[in-house]
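Asks: Once you've had a glance at the structure underneath, I'll fire off some questions.
The values are calculated or read from the model by the stated rules, or taken from the named source; none is laboratory data. All values reported here derive from a predicted model rather than from experimental measurement. Please note: Cβ atoms are built from the backbone with ideal geometry, for glycine as well, and neighbour counts cover all protein chains shown.
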Amino acid sequence: MSIKERKEQEKSEMRGLILKTAMNLFLDKGFENITIRNIAEKIEYSPATIYSYFKNKDEILFVLRKEGFDKLYEHQRSSLKLNDPLKNLHKHGEAYIQFALENPEYYDLMFMMRGEMQEINDCDIGLASYELLKTNVKECMDAGLFPRTNIDVAAFSLWSYVHGIASLIIRGRGIMFPEERINYIVEEALNFMLVSNNKKKYDLKNKQTISGVDL
């Protein structure tokens, strides 16, 4: 390894250490209670070292959130491989909740922690995932599976539904269910969502299917 390559590796490792440390501190103490000096003290470097990588703590939070949204988008995009739009919507919900439960730290920073969001809005971070959902919803409407309505209203409603499920579980508000039943509850909640949003009539008692998705 050349000197240049070694220096680049060291810079990458330091940047990663700063981000990981900042994430832990933000989650533990709250974003508003953490300063650059706190992060520097934790990694035993000077604040000047942090400033050589990030201009302020807002930028650190921005980078962490961007990482999370990029991971979420790729996770959802890779799950949508079926030709049936309603099956894809089911997979969409599964992928979202799976990401949240497997990456609770990122999910907390992305959706539940207070912090400046203007910079994220300016850079359209997170919109790729939302546009993916809107496309999926439109496909369901075009196939006659959903009633025609404002796509943003429909997509936001579905997003709110799965976000609520993920948030309740992450925050330990699903204690009324044994841990071994959580996956079943999530699966059936997604099925229920599809039934509620599908304009056709289905006989739940007889366990009919929605375009091949077993209830």
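Asks: Any residue at all in region 111-126 that is assigned to a loop (DSSP other than H, G, I, E, B), under 16 Å from the mean Cα position of the chain (by Cα), modelled with pLDDT of 90 or more and of a type outside the set (A, V, I, L, M)? I'd like the intermediate steps shown before the answer.
Replies: Looking only at region 111-126, we keep the residues that are assigned to a loop (DSSP other than H, G, I, E, B), and these are 113-117, 123-126.
Restricting the remaining residues to those that are under 16 Å from the mean Cα position of the chain (by Cα) gives 113-114, 117, 124-126.
Keeping just the survivors that are modelled with pLDDT of 90 or more gives none.
Taking every residue of region 111-126 in turn, none turns out to be assigned to a loop (DSSP other than H, G, I, E, B), under 16 Å from the mean Cα position of the chain (by Cα), modelled with pLDDT of 90 or more and of a type outside the set (A, V, I, L, M).
Asks: Search region 46-65 for residues being at pLDDT 95 or above and aromatic (F, W, Y), and hand back the single one that is nearest to A128 (Cα to Cα).
Replies: F54
Asks: Going through region 15-68 one residue at a time, which ones are surrounded by fewer than 14 Cβ atoms within 10 Å (Cβ to Cβ), small (G, A, S) and under 26 Å from the mean Cα position of the chain (by Cα)?
Replies: Listed by number, the residues that qualify are G16, G30.
Asks: So which residues in region 139-169 are free of Cβ contacts under 8 Å to residues at least 24 places away in the same chain and closer than 19 Å to M113 by Cα?
Replies: Correct list: S160, G164, L168.
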